[in-house]
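In what follows, a single structure is set out as structure tokens and then discussed.
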């Protein structure tokens, strides 16, 4: 009896403890469910094969300081630190990993893929430039990429080489919570300016967003991120028109968001990082973009209530800086290495600033990049094609003169390459192109023309092709501005050269009176015709002068007031592809400029 009593007592105690344990776990879950869920998101976009750190001048502690910035090894180290210092992390890339530097020209995205794999992004969405070299090159890039690729509105036909290379969305289990991440591509720009195969179908961005948000919600998922290369303005529109999205991580427009970045002498694309929008259902949606070229990483700490609504969001975008080089201007205005005291003051100012961070390069990524840098150095000596004769360019040939009446024929040749490429790819139905002589840095010598020489000729890899609509009258004024700036002490680099457009001008006179004749090429009639002052034309130029730099004030005003389209195609890549296509190039038949000096 005693044994039976003790056995019963033991069972009773065990049962009681088990019940207490269950109740305790219920209570823990109840407490946990009443607590906000914290999600930490780090993101980049549009690194465009800018794998190495680059030099930039920022205003820090009241001084112009030239220092190293960005590079994927630095991005990788910051992401490693981010994962270590935060719980429940997601690392996202909003597209346009490729196109823009010699790394892409030589390795077609494989170098990018290998570094991205080491960083181990949780998701990557397709950008328009992923399609620049067609389906086959993209397929090889995606095969090398070992991270999840998502795009909801790009649909390959059955049997396409790209079939199965990505999914519309992924569902990530983060800290016990399911997070839906939908990929999105910019449609118009990809179709018109890149080279997707005919076996690729594109769905409207808003239509796709609504479809896949519902699909995720039907699975009970109430925390949804749109990883979208649709561009900032389109992403704001999506936030305004589609309910159920909590965060949109944006790419394509290369916007540096946040008014606080103006103090470093940088141009911003929007006042707020992130932008808060109210969805049709009355819930908050946040739109964030992280500039470009691996210079900056966006960091967001979001807290969700049990309904999946963000109740609190803390933003920490950071410029990623090196500390090996600090150059400042001396009393004579020349750049010199900062003194020990100056460097200490700069470092102290950076340490106090939440948007600036000194980050060491990740060793694993740097070793991998070193291997590609070595190959790039060797491959840079490879020939792109042949040049038949000397083609004048560089600073001594910017403005036509008695010694060289045709001026920078090298600039004219680059403009011809751009016009041919843009018209053959259908980029915005371009009528003519215009460029500044200062963008083309050297005379092109006869013989083999190497990759290294291409990037010496056109070194400004951040300078991309920009298209916009102008009237004939505005075009004449743009030429007047540029010539006046070149002749009156601004910079001879502003002197304008074009293709599909030609003009006559005189050195004598004043602003508004020097250009005496302007003609454009009528491609349908196959002849030159006078420019029509009232007609609208599609102009292609570079993003630098489109922003009003180098004396192009009228052009900058038009861009500011009416906008345009940055294709993010580099003139360096365009010229390399053009020479490879033709195999051999000589001087243009004639300059498109007749200048009375």
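In summary, the chain shows an alpha-carbon radius of gyration equal to 1.12 times the 2.2 N^0.38 Å reference for compact globular proteins. Inter-part distance, region 346-400 to region 254-292, computed on C-alpha centroids, equals 28 Å.
Counting only alpha carbon atoms, the long axis of helix 409-425 and the longest principal axis of the chain meet at about 50°. Ranking of 56, 390, 116 by neighbouring Cβ atoms within 10 Å, starting from the fewest: 390, 56, 116.
In a solvent-free Debye calculation with one equal scatterer on each Cα, what is log10 I(q)/I(0) for region 381-596 at q = 0.08, 0.12, 0.18 Å⁻¹, listed in the order of the q values? Values returned for q = 0.08, 0.12, 0.18 Å⁻¹ are -0.24, -0.57, -1.36.
Based on C-alpha pairs under 8 angstrom that are at least 6 apart in sequence, the chain has a relative contact order of 13 percent.
Here the Kirkwood formula, the inverse mean of 1/r across different C-alpha pairs, assigns region 36-375 a hydrodynamic radius of 20.5 Å. This ranking places 321, 434 by how few other beta-carbon atoms lie within 10 Å of each, fewest first, which gives 321, 434.
Axis angle, to the nearest 10 degrees, between helix 363-379 and the longest C-alpha principal axis of the chain: 30 degrees.
Only Cα sites of region 302-355 enter the Debye sum here, all with the same form factor; the resulting log10 I(q)/I(0) across q = 0.28 1/Å is -1.09, listed in q order.
Seen against the Cα atoms of the chain and their longest principal axis, helix 340-352 is set at about 50 degrees. Normalised by the number of residues in region 343-437, the average gap of Cα pairs under 8 Å and 6 or more apart makes the relative contact order 16 percent. From least to most packed, judged by other beta carbons within 10 angstrom and beginning with the fewest, 248, 225, 171 follow the order 171, 225, 248. Summary value for region 388-497: 33 percent relative contact order, contacts being C-alpha pairs under 8 angstrom separated by 6+ residues.
Just so you know, all these numbers are worked out from the coordinates, no wet-lab data involved. Here the structure is a predicted model, which is why all the values come from computation and not from measurement. Every residue, glycine as well, gets a Cβ built from its backbone with ideal geometry; the counts of neighbours run over all protein chains shown.
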